[in-house]
Amino acid sequence: MKILYIVYSLEVGGGVENIANNFFSILNDNNIRCDFILLSNKIGSKKLDVEKRGSEVSKIDTFYENIIKGNYKLYKTLKHKRKLEYDAIHINLTCGSDILLVLAAYLAGYRNIITHAHTNGGHKIAFYIVKFIAYLLTKKQLACSKEASNLYYFPAKKNVIIPNFFDIEKYSYNEKIRENIRMLYKLENKKVIG
């Protein structure tokens, strides 16, 4: 299986970028190829890891300079990538105008479009247009919360809420790490709050 993932960058630090990296790790470990289109020139250190694992990374570094030209460049990139026959395209929605990414993908010939809503605030009337386009053009609609789902999507069976998609094993308590951090900051035998 092959998935094309559209995200702002692969830099670790942003919530959406962390989710993209976690998705990649899990999918890649299960022999699912995941290629990326980045909407910035902020590639981040993960690019090397991604490419070492056989994924392709394309970027549109001027995407946000002009929303019309940026979406046209995305459309052309997506059209060119159609020959790679992706099983799905995953698009993150962090603001209302991101629905244009869905429109570009649909016009480029993609039909198995999965969106993932990450925001729960915005102009309610404008989001009716977003909901309508998402309802018509997407196969699966993911959201990080019920509020994000309600803002971006009409109620439908294709809606799925995935709260905080983080690999919790990375953040599990580890006595050895605790000791190392305390030594590093000279906090042995001291009370630490936080």
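The values are calculated or read from the model by the stated rules, or taken from the named source; none is laboratory data. Model, not experiment: these values are computed from the prediction. Cβ coordinates were reconstructed from backbone atoms using ideal geometry, including for glycine residues, and neighbour counts include every protein chain displayed. Please note that ligands, DNA and RNA were not included when accessible areas were found on the heavy atoms of the full protein model with its side chains. Shrake-Rupley method; radii C 1.70, N 1.55, O 1.52, S 1.80 Å.
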Is it fair to say PHE127 is closer than 30 Å to ASP35 by Cα, of a type in the set (Phe, Trp, Tyr), in a helix (DSSP H, G or I) and open to solvent by 80 Å² or more (accessible area, probe 1.4 Å)? no
Filtering region 172-185 down to residues that are of a type in the set (A, V, I, L, M) and open to solvent by less than 90 Å² (accessible area, probe 1.4 Å) yields ILE181
Taking into account only those residues within region 77-94 that are within 18 Å of the chain's Cα centre (by Cα) and at pLDDT 90 or above, which is most open to solvent (accessible area, probe 1.4 Å)? ASP87
Which ones in region 95-109 are open to solvent by less than 60 Å² (accessible area, probe 1.4 Å) and either among the aliphatic types (A, V, I, L, M) or assigned to a strand (DSSP E or B) (or both)? ILE99, LEU101, VAL102, ALA104, ALA105, ALA108
From GLU147, GLU188, residue being exposed (fewer than 13 other Cβ atoms within 10 Å of the Cβ), out of contact with any Cys (no Cβ under 8 Å at 6 or more places or on another chain) and among the acidic types (Asp, Glu): GLU188
Mind checking which pairs have a first residue in region 135-147 that is in contact (Cβ under 8 Å) with a residue 24 or more places away in the chain and a second that is part of a helix (DSSP H, G or I) and open to solvent by 100 Å² or more (accessible area, probe 1.4 Å), Cβ under 9 Å, 6 or more apart or different chains? GLN141/TYR135
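Yes/no matrix, rows are residues, columns are (1) open to solvent by less than 10 Å² (accessible area, probe 1.4 Å); (2) not small (Gly, Ala, Ser):
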{"site": "VAL50", "(1), (2)": "yes, yes"}
{"site": "VAL57", "(1), (2)": "no, yes"}
{"site": "GLU65", "(1), (2)": "no, yes"}
{"site": "ILE68", "(1), (2)": "no, yes"}
{"site": "TYR75", "(1), (2)": "no, yes"}
{"site": "HIS118", "(1), (2)": "no, yes"}
{"site": "HIS123", "(1), (2)": "no, yes"}
{"site": "ALA134", "(1), (2)": "yes, no"}
Among the residues of region 150-167, is there at least one that is among the charged types (D, E, K, R) and modelled with pLDDT under 85? yes
Take the residues in region 68-98 that are of a type in the set (Val, Ile, Thr) and in contact with a Leu (Cβ under 7 Å, 6 or more places away or on another chain); name whichever of them is farthest from ILE19 (Cα to Cα). ILE89
Inspect all residues belonging to region 89-106 and state whether any of them is farther than 21 Å from PHE36 by Cα and out of contact with any helix residue (DSSP H, G or I) (no Cβ under 9 Å at 6 or more places or on another chain). no
Residue check, ASN41 against (1) out of contact with any Phe, Trp or Tyr (no Cβ under 9 Å at 6 or more places or on another chain); (2) part of a helix (DSSP H, G or I); (3) more than 27 Å from GLU147 (Cα to Cα), all met but one. Which one? (2)
Members of region 148-160 that are out of contact with any His (no Cβ under 8 Å at 6 or more places or on another chain), free of Cβ contacts under 8 Å to residues at least 40 places away in the same chain and in a helix (DSSP H, G or I): SER149, ASN150, LEU151
Take LYS140 and decide whether it is modelled with pLDDT of 90 or more and either over 17 Å from the mean Cα position of the chain (by Cα) or under 25 Å from LEU27 (Cα atoms) (or both). yes
